[in-house]
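**Student:** A single structure is presented below for examination.
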Amino acid sequence: MQRGEIDPTQSDGLVVAFKVISRQCGFSWGVSGDNTPEKARELGYVTSNDLWPEMEFVRYRNFLRDVVEGRGEPVYED
């Protein structure tokens, strides 16, 4: 193993690897904006709105608000 490499078979290596990966994911998601529909289109991906333009999507925040206020509809029906 060379200097600077992480050995995931060692417990301290796992901790370091977890910290590095979680920070990289956090940066990708929250700072550089890799989780936006614009970035997805830029990379050639399609979004749910592209696939089903006639469908009205509910934002999670709005769904959660409706549930808390007692107006939420069940996601799955029996």
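The values are calculated or read from the model by the stated rules, or taken from the named source; none is laboratory data. Predicted, not measured: the structure shown is a model, and the values here were computed from it. In this analysis, Cβ positions are derived from the backbone assuming ideal geometry, glycine residues included, and neighbour counts consider all displayed protein chains.
**Student:** In this structure, does SER48 turn out to be surrounded by 10 or more Cβ atoms within 10 Å (Cβ to Cβ) and over 30 Å from PRO74 (Cα atoms)?
**Tutor:** no
**Student:** I'd like to verify a number: residues in region 63-78 that are out of contact with any Phe, Trp or Tyr (no Cβ under 8 Å at 6 or more places or on another chain) and either among the aliphatic types (A, V, I, L, M) or surrounded by 10 or more Cβ atoms within 10 Å (Cβ to Cβ) (or both), how many?
**Tutor:** Qualifying residue count, region 63-78: 7.
**Student:** Here is a further query. Could you please find all residues in region 3-41 being exposed (fewer than 10 other Cβ atoms within 10 Å of the Cβ) and either at pLDDT 80 or above or at negative phi (or both)?
**Tutor:** ARG3, GLU5, THR9, SER11, ASP12, VAL31, GLU38
**Student:** Go through region 42-68 and report how many residues are in a helix (DSSP H, G or I) and either at pLDDT 85 or above or of a type in the set (A, V, I, L, M) (or both).
**Tutor:** Adding up the residues that qualify gives 12.
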